[in-house]
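Single-structure report; data block below.
The values are calculated or read from the model by the stated rules, or taken from the named source; none is laboratory data. Predicted, not measured: the structure shown is a model, and the values here were computed from it. Note that each Cβ is placed from the backbone with ideal geometry, even for glycine, and that neighbours are counted across all protein chains shown. Keep in mind that these areas ignore ligands, DNA and RNA; they rest on the heavy atoms of the full protein, side chains included. Shrake-Rupley method; radii C 1.70, N 1.55, O 1.52, S 1.80 Å.
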Amino acid sequence: GRVLMGACGVWHTMALTEYGQVLAWGGNEASQLGSGPSKSGSQVPVAVHRLSAGALLGDQPVRLVCASQTVSMALSATGCVFVWGKSEKGQLGLGVGKSSSKEPSEIPSLKDITNISLSPYGGGAAVTRSGALYTWGVGGCA
């Protein structure tokens, strides 16, 4: 389908199609493609695991995607945030001890989110419907 938006990371690129499919290609050393256990990169778009056409972890359509050096992020239409890749300084936002995710994982503390952003080296930000800003990772604060 037609691409609605793209996101360029340092080593990979992502696209969100009109059917809600999330595709990624490029380097995958940090599992930022979300293609499962393989660390092999791809020169052609591959579907991000658990982000099948129009559904994210239980029929939550994807609305936005972001990419950084080692982290990828998606926002569902219901306001949930999902991340995958590798985190050395909290870039995933999944808490202490969770330094990598080969497939999308929800950031449980973020709800009712309307916008997301990643810096090139992995600081993340999310804005709630009520206008609160949350940041994490490199340059962020919890």
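Of all residues being modelled with pLDDT of 90 or more and not polar (S, T, N, Q) in region 28-42, which is most open to solvent (accessible area, probe 1.4 Å)? Just the residue, please.
GLU29
Taking VAL46, is it modelled with pLDDT under 95 and part of a strand (DSSP E or B)? Quick ask: steps written out before the conclusion?
On the way: modelled with pLDDT under 95: yes; part of a strand (DSSP E or B): yes.
Here the answer is yes, as VAL46 does meet what is asked.
Return the only residue of VAL10, VAL62 being surrounded by fewer than 21 Cβ atoms within 10 Å (Cβ to Cβ), of a type in the set (Val, Ile, Thr) and at pLDDT below 95.
Criteria check complete, one pass: VAL10.
Among the residues of region 81-100, how many are crowded, with 20+ Cβ neighbours inside 10 Å and either at pLDDT below 90 or assigned to a loop (DSSP other than H, G, I, E, B) (or both)? If you could, list the steps in order and put the result at the bottom.
Keep residues of region 81-100 that are crowded, with 20+ Cβ neighbours inside 10 Å, which gives 81-85, 87, 90-94.
From what is left, the residues that are either at pLDDT below 90 or assigned to a loop (DSSP other than H, G, I, E, B) (or both) are 87, 90-94.
Counting residues in region 81-100 that are crowded, with 20+ Cβ neighbours inside 10 Å and either at pLDDT below 90 or assigned to a loop (DSSP other than H, G, I, E, B) (or both) gives 6.
Conditions: (1) surrounded by 15 or more Cβ atoms within 10 Å (Cβ to Cβ); (2) touching a residue at least 60 places away in the same chain (Cβ under 8 Å). PRO120 meets all but one. Number of the miss?
(1)
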